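S.K.: Below you will find the structure I want to go over with you.
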Amino acid sequence: MKKTLLLAGVACLFSFGANAEEYRPYVGLDYVFSNANIKKEYNMKKDYNSGAVNAGIQIGEYTGLEAFFQQSGERKKNITDTLNNKTKFHAYGLDLYGYMPVPECNEKFSLLGSIGIANYNIESKYNGDIRGKIDKDRIGYRVGLGAQYNFNEHWGARVMGRYSYLGTKVLKDLKEVTAGIRYTFKEDSFFH
């Protein structure tokens, strides 16, 4: 199920052939700041910085589909003089986007909404006096709101706020803010 979700999403993104003029494929890079709702007794850091890559396709003017992969940096928390915790996570999944272009902005600015599903893998290691490791995979559900500004027909910038529900005994949810760039391919050169 883990890798199947990502592969199915990527296959869906590039399976469109008819009416190519209505499909605009893109790739993107994002910086992601995550605030994790972790139970206090696990003594883990709650704030994470991540990078994300994505590939998507805007279908018509109002909808899109995007696959992503996100990797956080490792965070260390000293619990005592001899005990510390190192935690990181990665995620991959698929989001469905809704676009609402703002006509007053010459169609360069759009409001965004998204819903999606992702597989999250959380790794946490304790060392020192106590040895232990947590390595959990969990399917999570995501919703987001944001905005995108297109500088020209190829380059754009996007900002999103997102809530992801995981519901594990260690991690209940994530609240995230993402900011990144998008490169949209020219329609006729990609599909022909």
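S.K.: May I ask you to list the residues in the range 52-75 that are surrounded by 12 or more Cβ atoms within 10 Å (Cβ to Cβ) and within 26 Å of Asn127 (Cβ to Cβ)?
M.R.: Correct list: Gln70, Gln71, Ser72, Glu74, Arg75.
S.K.: Leu145: on the phi < 0 side of the Ramachandran plot, open to solvent by 20 Å² or more (accessible area, probe 1.4 Å) and among the hydrophobic types (A, V, I, L, M, F, W, C), yes or no? Break it down into steps so the answer makes sense when it comes.
M.R.: Values: on the phi < 0 side of the Ramachandran plot: yes; open to solvent by 20 Å² or more (accessible area, probe 1.4 Å): yes; among the hydrophobic types (A, V, I, L, M, F, W, C): yes.
So Leu145 fits the description; yes.
S.K.: Restricting attention to the range 165-181, which residues are within 18 Å of the chain's Cα centre (by Cα) and touching a residue at least 60 places away in the same chain (Cβ under 8 Å)?
M.R.: Leu171, Lys172, Asp173, Leu174, Lys175, Glu176, Val177, Thr178, Ala179, Gly180, Ile181
S.K.: Which of the residues spanning the range 96-116 are of a type in the set (S, T, N, Q) and assigned to a strand (DSSP E or B)? Before the answer, list the steps.
M.R.: Start the filter on the range 96-116 by keeping residues that are of a type in the set (S, T, N, Q), which leaves 106, 110, 114.
Matches in the range 96-116: Ser110, Ser114.
Condition check ((1) within 15 Å of the chain's Cα centre (by Cα); (2) of a type in the set (Ser, Thr, Tyr); (3) at positive phi) across all residues:
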{"residue": "Ile115", "(1), (2), (3)": "yes, no, no"}
{"residue": "Tyr120", "(1), (2), (3)": "yes, yes, no"}
{"residue": "Lys125", "(1), (2), (3)": "no, no, no"}
{"residue": "Lys133", "(1), (2), (3)": "no, no, no"}
{"residue": "Asp137", "(1), (2), (3)": "no, no, no"}
{"residue": "Tyr141", "(1), (2), (3)": "yes, yes, no"}
{"residue": "Tyr149", "(1), (2), (3)": "no, yes, no"}
{"residue": "His154", "(1), (2), (3)": "no, no, no"}
{"residue": "Arg162", "(1), (2), (3)": "yes, no, no"}
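S.K.: Would you check which residues across the range 86-136 are at pLDDT below 90 and acidic (Asp, Glu) and list them?
M.R.: Hits for the range 86-136 are Glu104, Glu107, Glu123, Asp129, Asp135.
S.K.: Can you report the number of residues in the range 27-64 which are of a type in the set (Gly, Ala, Ser), over 18 Å from Tyr183 (Cβ atoms) and either assigned to a strand (DSSP E or B) or out of contact with any strand residue (DSSP E or B) (no Cβ under 9 Å at 6 or more places or on another chain) (or both)?
M.R.: Of all residues in the range 27-64, those of a type in the set (Gly, Ala, Ser) come to 28, 34, 36, 50-52, 55-56, 60, 64.
Cutting the leftovers down to over 18 Å from Tyr183 (Cβ atoms) gives us 34, 36, 50, 60.
After this cut, where a residue has to be either assigned to a strand (DSSP E or B) or out of contact with any strand residue (DSSP E or B) (no Cβ under 9 Å at 6 or more places or on another chain) (or both) as well, the list is 34, 36, 50.
Residues that pass the stated criteria total 3.
S.K.: Next up: Out of all the residues in the range 168-184, which are under 19 Å from Tyr120 (Cβ atoms), part of a strand (DSSP E or B) and among the hydrophobic types (A, V, I, L, M, F, W, C)?
M.R.: Leu171, Leu174, Val177
S.K.: Could you grab me the full set of residues in the range 65-80 that are in a strand (DSSP E or B) and of a type in the set (Asp, Glu)?
M.R.: The first filter runs over the range 65-80 and keeps only residues in a strand (DSSP E or B), leaving 65-72, 75-78.
Result: Glu66, single match.
The values are calculated or read from the model by the stated rules, or taken from the named source; none is laboratory data. Please read these numbers as outputs of a predicted model, since none were measured by experiment. Heads up, the Cβs are rebuilt from the backbone with ideal geometry, glycines too, and the neighbour counts pull from every protein chain shown. For the accessible areas, the whole protein counts, side chains as well, though only heavy atoms, and no ligand, DNA or RNA atoms are used. Shrake-Rupley method; radii C 1.70, N 1.55, O 1.52, S 1.80 Å.
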